[in-house]
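Shown next, in structure tokens, is the structure this report addresses.
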Amino acid sequence: MGGWSRSAVLQLYRALLRAGQHLQYTDRDYYRRTVSREFRCCQTFSAPAEREDALKRGQFFLNSGLGGLV
């Protein structure tokens with residue numbers, strides 16, 4: 001089943017917040033609130049597949065330059 005550890009999830013969260021500090025074309029506070037809201041929403045996921053998909057989506061967003069925002 002693999003899955004992500006708590007520390008890996010927190011690492012992704014912190015990395016997304018750090019990457020948002022360099023935003024120029026969008027509001028940094030809005031970005032921070034959106035990331036926080038998404039992670040809180042994903043806390044309620046009970047199925048491992050849902051959690052895995054959400055974390056992969058977050059990792060892709062980070063690796064793709066925040067979806068083109070940077």
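The values are calculated or read from the model by the stated rules, or taken from the named source; none is laboratory data. Just so you know, these numbers come straight off a predicted model, no measurement behind them. Neighbour counts are summed over all protein chains in view; Cβ atoms, including those assigned to glycine, are modelled from backbone coordinates with ideal geometry. In case anyone asks, the SASA skips ligands and DNA or RNA and just uses the protein heavy atoms, side chains included. Shrake-Rupley method; radii C 1.70, N 1.55, O 1.52, S 1.80 Å.
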Is there a quick way to get the dipole size of the chain? I mean about its Cα centre, with the Cβ of Lys and Arg at +1 and of Asp and Glu at -1; what is the value in debye to the nearest 20? 220
Once both axes come from the Cα atoms, what is the angle between helix 6-19 and the longest principal axis of the chain, in degrees from 0 to 90, rounded to 10? 10
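Any idea what the alpha-carbon Rg over 2.2 N^0.38 Å comes to for the chain? Walk me through the intermediate numbers first.
Working: Rg = 12.3 Å, N = 70, 2.2 N^0.38 = 11.1 Å.
Rg over 2.2 N^0.38 Å, computed on Cα atoms: 1.11.
Calculate the FRET efficiency for Leu23 and Ser46 from the Cβ-Cβ distance with a Förster distance of 35 Å, rounded to the nearest 0.05. Display every interim value, and only then the final one.
Details: r = 33 Å, r/R0 = 0.93.
E between Leu23 and Ser46, to the nearest 0.05, is 0.60.
Tell me the per residue accessible area of the chain using a 1.4 Å probe; a whole number in Å² is fine.
Details: 5320 Å² over 70 residues.
For the chain, the per-residue accessible area is 76 Å².
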Could you please report the charge total around Thr34, scoring K, R as +1 and D, E as -1 over all other residues with beta-carbon less than 14 angstrom from its beta-carbon? +3
